[in-house]
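The values are calculated or read from the model by the stated rules, or taken from the named source; none is laboratory data. All values reported here derive from a predicted model rather than from experimental measurement. Here Cβ is always computed from backbone atoms with ideal geometry, including for glycine, and neighbour counts include all displayed protein chains.
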Amino acid sequence: MEKPSARRQEARWLEVQEAALLLGSARTFKPKRKDTALPFVYPLMATFLLTGGRESEVLGLEVEDISFDRKTITFRPNQWRRLKTSTSHRTVPLWPQLEAILRQYVYGGATPRVSGLLFPPTRPARGKDGERRSCKPRMVTDCRKAIDAIAGGAGWKAGDVRTKAFRHTYCAARLQTLDRGAPVSVYTVGRELGHGGDSLVKRVYGHLGDVRQRLEVVEYNADRAGRSIADARIRQAYRNRLSAVRAVG
């Protein structure tokens, strides 16, 4: 007669080497149709994996939220979207790997981006009748097809990887970093995720991976992570997948 409860399972997340593999696939990804592809898929994936932001938080980032001088990224409410809770308004580190990727993305083109959405839509919205809607402000709301295409190039099946896994991945990688020479505080990681404390990190978002990199920064280096895999069979399988991804480029 008692109320049944679902069995709690560990959420999906990526090991450091898997995240590096996914980023490598995003960097070398060549869409079949350029008119329907997201031209910023590589910096978008990097921002997900290196900030731990929620899907709407990352897709709604503005250029002004990125500070290359202070080395920070700020998640704050704006005209594109709201934030989930009051503690979601936060500033997180702009890690060196992400800084290099975003600097090239923002300033590397013929016309550097100075304002507006960091990841703007590439096609005008259309109504049910196929007619173009008015050019009112909007943001990208669905990147699942792009993620499936990138993940497929690295050996995953469609639907295996979603943005929720990126948030868990960042948390797991961040928990292994050092903060001024000491292990980073769980409370600090929770605040970077937009939580009011560390309880969710301990109960939901914290994962212990096989590859544990005690670095001062969060980064997904494919070669370093590959060398850290203890099991020879798994290490060789990873190297084969990495070679296949790099061969595309």
Q: Identify the residue in region 84-113 that is touching a Lys or Arg at 6+ places or on another chain (Cβ under 7 Å) and not charged (D, E, K, R) and, among all such residues, is farthest from residue 219 (Cα to Cα).
A: 89
Q: Please tell me if residue 218 is within 19 Å of the chain's Cα centre (by Cα), crowded, with 21+ Cβ neighbours inside 10 Å and not in a helix (DSSP H, G or I).
A: yes
Q: Please enumerate the residues belonging to region 34-63 that are part of a loop (DSSP other than H, G, I, E, B) and of a type in the set (Gly, Ala, Ser).
A: 37, 52, 53, 60
Q: Could you please find all residues in region 54-107 being among the aromatic types (Phe, Trp, Tyr) and within 24 Å of residue 142 (Cα to Cα)?
A: 75, 80, 105
Q | Unique match (being under 19 Å from the mean Cα position of the chain (by Cα) and exposed (fewer than 15 other Cβ atoms within 10 Å of the Cβ)) among 193, 208 | A | 208
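Picking from 87, 74, 111, which residue would you name as being more than 21 Å from residue 159 (Cβ to Cβ) and in contact with a Gly (Cβ under 7 Å, 6 or more places away or on another chain)? Working first, answer last.
Working: 74 fails: in contact with a Gly (Cβ under 7 Å, 6 or more places away or on another chain); 111 fails: in contact with a Gly (Cβ under 7 Å, 6 or more places away or on another chain).
None of the others qualify; the one that does is 87.
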Q. Mind checking which residues of region 20-54 are buried (at least 24 other Cβ atoms within 10 Å of the Cβ), hydroxyl-bearing (Ser, Thr, Tyr) and farther than 18 Å from residue 248 by Cβ?
A. 47, 51
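Working carefully through the options 92, 114, 41, find the one that is in contact with a strand residue (DSSP E or B) (Cβ under 9 Å, 6 or more places away or on another chain) and not small (Gly, Ala, Ser). So that I can check it myself, show each step before the final result.
Working: 114 fails: in contact with a strand residue (DSSP E or B) (Cβ under 9 Å, 6 or more places away or on another chain); 41 fails: in contact with a strand residue (DSSP E or B) (Cβ under 9 Å, 6 or more places away or on another chain).
92 is the lone residue from the list that is in contact with a strand residue (DSSP E or B) (Cβ under 9 Å, 6 or more places away or on another chain) and not small (Gly, Ala, Ser).
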Q: Taking only region 65-94 into account, find how many residues are closer than 18 Å to residue 54 by Cβ and assigned to a loop (DSSP other than H, G, I, E, B).
A: 12
Q) Going by the conditions given, is residue 70 of a type outside the set (Gly, Ala, Ser), more than 22 Å from residue 20 (Cβ to Cβ) and loosely packed, with under 14 Cβ neighbours inside 10 Å? A) yes
(Q) Can you tell me which condition residue 195 does not meet? The list is (1) at pLDDT 95 or above; (2) within 18 Å of residue 95 (Cβ to Cβ); (3) not in a helix (DSSP H, G or I), and all the others hold. (A) (2)
